[in-house]
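Quick notes on the structure that follows.
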Amino acid sequence: MSGKDRLDVFPSRMVQTIMKARLKGAQTGRNLLKKKSDALSMRFRQILRKIIETKTKMGEVMREAAFSLAEAKFAAGDFSTTIIQNVNKAQVKVRAKRDNVAGVTLPVFEFYQEGGDSYELTGLARGGEQLSRLKRNYARAVELLVELASLQTSFVTLDEAIKITNRRVNAIEHVIIPRIDRTLTYIITELDEREREEFYRLKKIQEKKKQLRERTELEIAARLAKLGPIAEPTNMLMEETDEDMLFE
């Protein structure tokens with residue numbers, strides 16, 4: 001097993017415990033990232049479906065707005081000069097908010113109107129109904145454009161976040177976890193080999209001690225055999241009858 005296939009560690013019980021904790025942490029991280037990827041993919045599909053619906057609706061609204069513009073020009077004449085002269089500040093504005101999806105911040109744009117209608121008297125002489133319909137249709141078109149911009153921005157952001165999350169999941173699943181597994185296998189193999197060597201060493205020591213003890217016993221027995229029988233000393237504590245001693 002080469003050093004590139006595993007982590008460069010010293011095989012010991014403490015390192016084995018640390019590697020097991022790292023393996024558990026990597027597996028937990030992989031599971032959490034998979035759940036995050038699933039949540040982002042679900043929201044991604046929802047946004048994609050909304051984009052398709054909004055684009056379809058946008059085509060219809062823009063067609064109606066263009067037709068309303070033609071009607072208003074036919075009924076009220078060319079009113080572009082009047083509108084340009086009355087413009088002093090924007091009435092339709094966009095504000096941005098944030099939406100959080102599984103830790104990913106998505107921008108959300110909202111359409112709102114500020115101030116009154118500067119063109120409410122436009123078309124008072126003729127074509128008032130056509131101009132009112134024109135304003136409603138283009139206001140709806142602008143609102144859909146803002147919504148579509150918000151959806152497409154969220155779509156691009158989610159697409160990038162999903163790619164990054166999937167790369168992290170693949171890196172953990174196919175690189176980090178296998179490397180830790182190989183490191184654990186290496187540590188277990190080395191510890192088992194060390195235990196076998198220790199057992200063999202203790203066994204050889206016991207055999208040497210046994211042989212030494214047997215040789216010592218044989219040497220003692222040989223020395224005793226050379227010395228012959230040895231009279232045991234008298235035990236003075238034993239009860240024996242001594243002969244009377246006569247003094248002259």
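Anisotropy class assigned to the range 31-70 is prolate, per the alpha carbon gyration tensor with a/c at or over the 1.5 cut-off and a/b larger than b/c. Counting charges near S150 (Lys, Arg +1; Asp, Glu -1) among other residues having Cβ under 12 Å from its Cβ returns a value of 0. Net charge in the neighbourhood of K34 (other residues with Cβ under 12 Å of its Cβ; Lys, Arg +1, Asp, Glu -1) is +2.
A crude spin-label estimate for the pair F199 and Q211, with each label 7 Å from Cα along the Cβ direction, gives 2.2 nm.
Summing Lys and Arg as +1 and Asp and Glu as -1 over all other residues whose Cβ lies under 9 Å from the Cβ of V108 gives a net charge of 0.
Backbone phi angles across the range 88-100, fed through the Karplus curve with coefficients 6.51, -1.76 and 1.60 (θ = phi - 60°), yield HN-Hα couplings of 10, 8, 6, 9, 9, 10, 10, 10, 10, 10, 10, 10, 10 Hz in residue order; Gly and Pro are listed as x. Placing a pseudo-label 7 Å from each Cα along the Cα-to-Cβ vector at T185 and V94 gives an inter-label distance of 5.5 nm.
Since every read-out is calculated from the coordinates, none of them should be taken as a lab result. Remember, it's a predicted structure, so these values are computed and weren't measured experimentally. Don't worry about glycine lacking a Cβ; one is built from the backbone with ideal geometry, like all the others, and counts go over all protein chains shown.
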